[in-house]
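This report concerns only the one structure given below.
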Amino acid sequence: MNLYDATVPIFTKFLGNLEKWLDKGAALAEQKKFDPQVLIDARLAPDQWPLKRQIQGACDQAKFTCAKLTGKEPPSHPDTEVTLADCRARIRTCLDYLATFTRDDFAGAEERRCSHQWMKGKAMRGGDYLDHFALPNFHFHLTTAYAILRHNGVSLSKDDHIGSLPFAD
């Protein structure tokens with residue numbers, strides 16, 4: 001399997017799901033007559049990131065993963081999002097970036113050396129980077145965003161989290 005299949009379509013699908021969760025959050029805020037900013041600033045625990053940072057984290061993980069696995073330099077997206085509209089724009093920017101990748105870009109990705117500054121000179125081969133760090137980290141931020149919204153009364157289900165499935169006939 002080409003690592004394109006494990007990254008771009010997966011990140012695209014789940015970031016699209018995240019957009020739908022924000023729609024449901026905005027609808028709840030409108031229905032209950034509260035400022036949707038309450039959701040954007042909400043967090044599960046005092047020492048955990050708020051929803052806006054979970055969105056930034058999920059987007060960053062998707063973009064960094066694809067860039068690292070393809071040997072490209074990722075674009076810089078400063079974490080300046082404050083509002084629901086800002087968070088939606090961040091997701092759209094990430095989705096637009098993901099759409100620039102092709103299957104051919106991922107040739108050799110399984111063995112490509114992947115490193116970040118926080119790894120202090122260490123690295124992982126691409127397949128290990130994806131399996132042991134990138135996908136779990138992406139899903140951590142995504143699931144935490146889901147939990148923040150759900151905890152604040154947004155009606156989300158497992159189906160909202162998983163989204164559509166690629167059934168074969």
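Here are some notes:
- Residue match in the range 70-78 (condition: within 24 Å of His161 (Cα to Cα) and out of contact with any Phe, Trp or Tyr (no Cβ under 7 Å at 6 or more places or on another chain)): no
Table: residues versus (1) over 21 Å from Gly16 (Cα atoms); (2) charged (D, E, K, R); (3) surrounded by 14 or more Cβ atoms within 10 Å (Cβ to Cβ).
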residue: Ala67; (1), (2), (3): no, no, yes
residue: His77; (1), (2), (3): no, no, yes
residue: Ala85; (1), (2), (3): no, no, no
residue: Ile91; (1), (2), (3): no, no, yes
residue: Asp96; (1), (2), (3): no, yes, no
residue: Asp105; (1), (2), (3): yes, yes, yes
residue: Arg112; (1), (2), (3): yes, yes, yes
residue: Ser115; (1), (2), (3): yes, no, no
residue: Lys120; (1), (2), (3): yes, yes, no
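- From the list Ala58, Ala42, the one residue that fits, being within 16 Å of the chain's Cα centre (by Cα) and surrounded by 15 or more Cβ atoms within 10 Å (Cβ to Cβ), is Ala58.
- Residue list for the range 83-124, restricted to those being outside any loop (DSSP other than H, G, I, E, B) and modelled with pLDDT under 95: Arg113, Cys114, Gln117, Trp118, Met119, Met124
- If the condition is being within 15 Å of Lys24 (Cβ to Cβ), in contact with a helix residue (DSSP H, G or I) (Cβ under 6 Å, 6 or more places away or on another chain) and part of a helix (DSSP H, G or I), then the range 143-169 contributes Ala145, Tyr146, Ile148, Leu149, His161.
- Considering only residues in the range 61-71 that are out of contact with any Cys (no Cβ under 8 Å at 6 or more places or on another chain) and not small (Gly, Ala, Ser), the one that is nearest to Asp104 (Cα to Cα) turns out to be Thr70.
- Whichever residue in the range 149-167 is loosely packed, with under 13 Cβ neighbours inside 10 Å and polar (S, T, N, Q) and, among such residues, is farthest from Gly16 (Cα to Cα): Ser155
- Filter result for Lys32 (exposed (fewer than 13 other Cβ atoms within 10 Å of the Cβ), of a type in the set (D, E, K, R), more than 17 Å from Thr93 (Cβ to Cβ) and out of contact with any Gly (no Cβ under 6 Å at 6 or more places or on another chain)): yes
The values are calculated or read from the model by the stated rules, or taken from the named source; none is laboratory data. The structure presented is a predicted model; accordingly, all values stated were derived computationally and were not measured. As a convention, Cβ positions derive from the backbone with ideal geometry for all residues, glycine included, and neighbour counts pool all protein chains shown.
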